[in-house]
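The values are calculated or read from the model by the stated rules, or taken from the named source; none is laboratory data. Keep in mind it's a predicted model, so treat the numbers as computed, not measured. Reconstructed Cβ throughout: ideal geometry from the backbone, glycine too, with neighbour counts over all protein chains shown.
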Amino acid sequence: MNTLAKKMLAEFIGVTVFVTSIYGAVLSGTGIATIALATSLGLMILLTAGISGGHLNPAVSLYFFARKAIDAPHLLAYIVAQLAGGFAGSLIGSTLWQKTIQAPTMDNGNSLATLLAEFFSTVGLVWLVGALAKSNRGALIPAAVGLWVAAAAAFTPTGAQANPAVSFGLLFFPGGGHPVGTQGGLILVQLAGAMVALVLINIFDEKPAK
């Protein structure tokens, strides 16, 4: 297996486990759902960091592409693997609780609150990842991302998806509630949030004028 294929497999597995944890935690009705999924994400980043960089998120991959840390073929390959992982996670997570995934509906339920929630949570997540990676503190990323996801999930109406692969996976949630129009809007603001995070990192990294 070549290097790119290994990276794609790592991204696929990482996102699959994360989305499975989201489905399983929510469907189980447990009171520690946020902790369970945030911990799963942190551990998957830790596990895949040495293989693919542990992006597990198209918004994070877009950030690193904009920083020229990965090239266009890697960006495309990562996004394909991540989206596939989102769908696989929806299948596995539903099956764990004897549910059946549902075909996406076309309603648009976005509001300013949900769009702002996803924009805010994605900026925070990508800013954390980018700032830690840029300052050679990458070892802190798994814990930092897990903590941010847990925190943001608790104070946002969307549960801080902050990840287009997760938003894609939630299109198939049993019983509906995540229609195409809604998730499409969230994905757009998530990608915008990644670019804002890039701008913020550049601003704060800029050397003071003499």
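The table that follows gives values for the structure above.
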{"read-out": "Out of M106, M44, sole residue that is at pLDDT below 95 and at negative phi", "value": "M106"}
{"read-out": "Meets criteria (within 30 Å of I51 (Cβ to Cβ), touching a Gly at 6+ places or on another chain (Cβ under 7 Å), assigned to a helix (DSSP H, G or I) and in contact (Cβ under 8 Å) with a residue 24 or more places away in the chain) for G169", "value": "yes"}
{"read-out": "Output for segment 45-63, where each listed residue is touching a residue at least 60 places away in the same chain (Cβ under 8 Å) and either crowded, with 23+ Cβ neighbours inside 10 Å or under 13 Å from the mean Cα position of the chain (by Cα) (or both)", "value": "I45, G54, L56, N57, P58, A59, V60, L62, Y63"}
{"read-out": "Filter result (aromatic (F, W, Y) and closer than 27 Å to M8 by Cβ) within segment 79-136", "value": "F87, W127"}
{"read-out": "Long-range neighbours under 6 Å by Cβ, at least six apart or interchain, first residue part of a helix (DSSP H, G or I) within segment 65-87, second among the aromatic types (F, W, Y)", "value": "L75/F65; A81/F12; L83/F168; A84/F12; G85/F12; G86/F168"}
{"read-out": "Answer residue from segment 134-177, given it is among the polar types (S, T, N, Q) and in contact with a helix residue (DSSP H, G or I) (Cβ under 6 Å, 6 or more places away or on another chain) and is farthest from V189 (Cα to Cα) among those", "value": "T156"}
{"read-out": "Filter result (over 16 Å from the mean Cα position of the chain (by Cα) and surrounded by 18 or more Cβ atoms within 10 Å (Cβ to Cβ)) within segment 13-38", "value": "G24, A25, V26, L27, A33"}
